[in-house]
Amino acid sequence: VESGDTVTVSTPQGQIEVRLADIGAPQGPQFYAPAARALLSAIVQDRPVAVTVTGRKSDSAVFGRVRRGELDVNLELVQRGAAWVCWDYAGDTAYLPYENQAQRARIGVWPRTLEIQVRVACRDRPPAERPLFPRN
């Protein structure tokens, strides 16, 4: 687990970096970054996961939705306030009510993070450069 929204997955073809699609998480010294990384690690570290690739960043890095069994990892992070939805380019708006619940409950990043801050952070970390499917 590299950060609260990026993991490295081992495959038979080698390792691939997976940036969790549609969401962002605090990075480096930002508030809640260590907790977001620890939560993602607790969910996926050394466990089998399935990745639905939604775009490519490079030959060795993709954007995707991660599942551990029935658990939607991307959604779990949003529900727990460890990540926010990047609405500028999210391919799935089903996370909206969960982000709103986390904001209202002031859990995770939300006690000290403003919505405007996370929207700016999303613009700084753009979506897949080469989507695998056209967006409608």
Expressed in nm to one decimal, what extension gain is obtained for the pair D46 and Q101 from 0.36 nm per residue of sequence separation less their Cα-Cα distance?
16.8 nm
If you wrap a convex hull around the alpha carbons of region 1-79, what volume per residue comes out, as a whole number of Å³?
89 Å³
Against the 2.2 N^0.38 Å rule of thumb, the C-alpha Rg of region 55-110 sits at a ratio of 1.23
Ranked by how many other beta carbons lie within 10 Å on average, peptides 20-30, 99-109 from highest:
20-30, 99-109
Per-pair calculated FRET efficiency, R0 = 30 Å: E2 and V120 via Cβ, rounded to 0.05
0.90
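What accessible area per residue, rounded to a whole number of Å², is obtained for region 1-97 using a probe radius of 1.4 Å?
Per residue, region 1-97 has an accessible area of 47 Å².
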Percent antiparallel among DSSP beta bridges confined to the chain, nearest 5, equals 85 percent
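Calculate what fraction, in whole %, of the accessible area of region 15-55 sits on carbon and sulfur atoms when a 1.4 Å probe is rolled over the protein chains. Don't skip to the answer; put the middle values down first.
Values: 1060 of 1970 Å².
In region 15-55, the share of accessible area belonging to carbon and sulfur is 54 percent.
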Along the charge dipole of the chain, Cβ charges K/R +1 and D/E -1, which of I23, V49, A61 sits furthest on the positive end?
I23
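Using helices alone, what [θ] at 222 nm do you get for the chain, with -39,500 (n - 2.57) per DSSP H run of 4 or more residues, divided over all residues and rounded to the nearest 500?
Working: 4 runs with 39 residues, N = 136.
Rounded to the nearest 500, it is -8500 deg cm²/dmol.
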Express in Å², to the nearest 10, the accessible area of L71 obtained by rolling a 1.4 Å probe over the protein heavy atoms while all chains stay in place.
50 Å²
Helix 96-105: angle to the longest alpha-carbon principal axis of the chain, degrees 0 to 90, nearest 10?
40 degrees
Angle between the chain longest axis and helix 33-44 axis [Cα atoms, degrees, rounded to 10]
50 degrees
Where does helix 115-124 land angle-wise versus the long Cα axis of the chain, in degrees 0 to 90, nearest 10?
30 degrees
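Over the alpha-carbon set of the chain, divide Rg by the Kirkwood Rh and report the Rg/Rh ratio to two decimals.
Details: Rg = 14.0 Å, Rh = 14.9 Å.
So for the chain, dividing Rg by the Kirkwood Rh gives 0.94.
The values are calculated or read from the model by the stated rules, or taken from the named source; none is laboratory data. All values reported here derive from a predicted model rather than from experimental measurement. All Cβ positions, glycine included, derive from the backbone under ideal geometry; neighbour counts span all protein chains shown. Surface accessibility is based on the protein's heavy atoms, side chains included, excluding ligands, DNA and RNA. Shrake-Rupley method; radii C 1.70, N 1.55, O 1.52, S 1.80 Å.
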